[in-house]
Amino acid sequence: MNFSEVFKQSNQLCKVSPDGKYLATCVQYRLVVRDFNSLQIAHLYTCLDPVMHMEWSSDSLFILCAMYKRGLVQVRQAAHCVLPRRTHDLRVTVWSLCTKSVSYIKYPKACQKGMDFTADGRYMALAERRECKDYISVFVCDNWHLLRHFESETQNLAGLEWSPNGCVLAVWDSCLEYKIILYSLDGRLLSSYSAYEWSLGIKSVAWSPSSQFLAVGSYDEKVRILNHITWKKITEFEHPTTIINAKAVVFKEVEKRPVVGSEDLSIHQLTVDNSLFSTQSKYEITQLPAQVPVIKPDPDRANPKIGISALAISADNRYLATKNDNMPQSLWVWDMLRLSLLAVLVQTAPVRCFVWDPHRPRLALCTGNTKVYLWSPAGCVSVNAPVEGSFQVQSLFWHCSGSSLVLLSKEHICLCYMECENTCQASGHT
């Protein structure tokens, strides 16, 4: 692996354009657009207020910057066109960058995920709340014509998400009720699934890239897999405190702080170089049965730290990665072909972020320290980011080509370049 120099960023605002050519970052009032290959600044803009949200258009021609304190949105393009808009009303406002026309959509519901577009950008689904009932509107994005409007069979809709092929809309209820509903593009009810009653319900949802499976994580520490033919459960994955499955491999991170002699020190190393003092780590395979670290959640607090908060399915639909909040140091990898547990990564610190390579079965994760971790079917590897100063990796994401990772600390970014297709040749450390 190779690493780039470090650049500044604010509020974790760093995104690669959909075509993979540009890297946009926000630093307070400034929007910086770099050529991804050379990292040279291509455009530099000054906004009217600190940017709190940033988004690329699907064609990579425009960048949207939102300034929440002013209720203002600015859209910029390479020709330095600025389109500011302000609204304080409870509505969705649609501005056409082609015709300059404006459309308004009333009654949007403020929820976890109340709006979603199909992957091809043709349709948008919007959750609405009218007269104490949930509704869903489906719009055609070309002219914002209302295609369908129907009542949702939810008590308090918490989120919705299109399948990757754009044929099915998954809608789920609030955590107070376990209920997930599947609708067709024209609003027909395809199926409704509820695993249990009278307990906290759904916490996370993820489609497989093929749209053949829907993974549903819940507060009971289980993941249920629904199939796309009958929309019934085909299996469920539990997260036990003791791993006894002989087919599963438990990788445990082991740390070792290097011993540094006085002859190894210099003024330069003491002031700017942290590599000499960095804690090295590697993975060791734990014999079964193996214990998984568990924390006891506080039942008196809202949003208890328990249950499946994050799900992700690999690009080839073969593997599922999950995180159980009351086992925060562990990442679970499941084999979707054999429908069984494949691996558990037990870290020394809570897992903050994990994401699949967009092209290969390769999983990257971070835990808020100076290291990046990778898993593949070949094994695990721990890599220390050799950058000056203290670069604590808070989050990360892949470039669309899968050739590099973008690492984000609290105030900086760094690029990590993959040297070969199969980085995890064996369990170990770098």
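The values are calculated or read from the model by the stated rules, or taken from the named source; none is laboratory data. Source: prediction; values computed, not measured. As a convention, Cβ positions derive from the backbone with ideal geometry for all residues, glycine included, and neighbour counts pool all protein chains shown. All accessible areas refer to the heavy atoms of the entire protein, side chains included, with ligands and DNA or RNA removed. Shrake-Rupley method; radii C 1.70, N 1.55, O 1.52, S 1.80 Å.
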Place the peptides 59-68, 121-130 in order of packing, highest mean first, counting for every residue the other Cβ atoms within 10 Å and averaging per peptide. 121-130, 59-68
Using distinct alpha-carbon pairs, which all enter the 1/r mean, Kirkwood radius of the chain in Å: 23.7 Å
At R0 = 30 Å the Cβ-Cβ FRET efficiency linking residue 106 and residue 197, nearest 0.05, sits at 0.35
At 1.4 Å probe size, with no ligands or nucleic acids counted, give the accessible surface of residue 145 in Å², nearest ten. 100 Å²
Approximate shape of region 322-398 as ellipsoid semi-axes (Cα gyration tensor, √5λ), whole Å, largest first: 23, 15, 10
At a Förster distance of 22 Å, what's the computed FRET efficiency of residue 69 paired with residue 12, Cβ-Cβ distance as r, to 0.05? 0.80
Hey, what number do you get for the chain at 222 nm if only DSSP H runs of n ≥ 4 count, each worth -39500 (n - 2.57), divided across all residues, to the nearest 500? 0 deg cm²/dmol
Grab the Cα-Cα distance for residue 188 and residue 140, subtract it from 0.36 nm times how many residues apart they are, and report the gain in nm with one decimal. 15.6 nm
Under the definition of Cα pairs under 8 Å and six or more residues apart, what whole-number percent is the relative contact order of the chain? 11 percent
Highest mean packing first, using Cβ neighbours within 10 angstrom, the peptides 8-14, 284-290 sort as 8-14, 284-290
Rounded to a whole number, what is D in µm²/s for region 268-407 from Stokes-Einstein with the Kirkwood radius over alpha-carbon pairs (10 °C, 1.306 mPa s)? 97 µm²/s
Can you give the direction-averaged projected area of the convex hull of the alpha-carbon atoms in region 1-88, in nm²? 6.0 nm²
Please report the spacing between the Cα centers of region 334-389 and region 1-52 in Å, no decimals. 25 Å
How far is it, in nm, from the label point at residue 291 to the one at residue 337 when both lie 7 Å from their Cα along the line to the Cβ? 3.5 nm
Rounded to the nearest 5, what is the percent of antiparallel bridges among the DSSP beta bridges in the chain? 95 percent
Within the chain: Cβ-based charge dipole about Cα centre, in debye rounded to nearest 20 (Lys, Arg +1; Asp, Glu -1): 680 debye
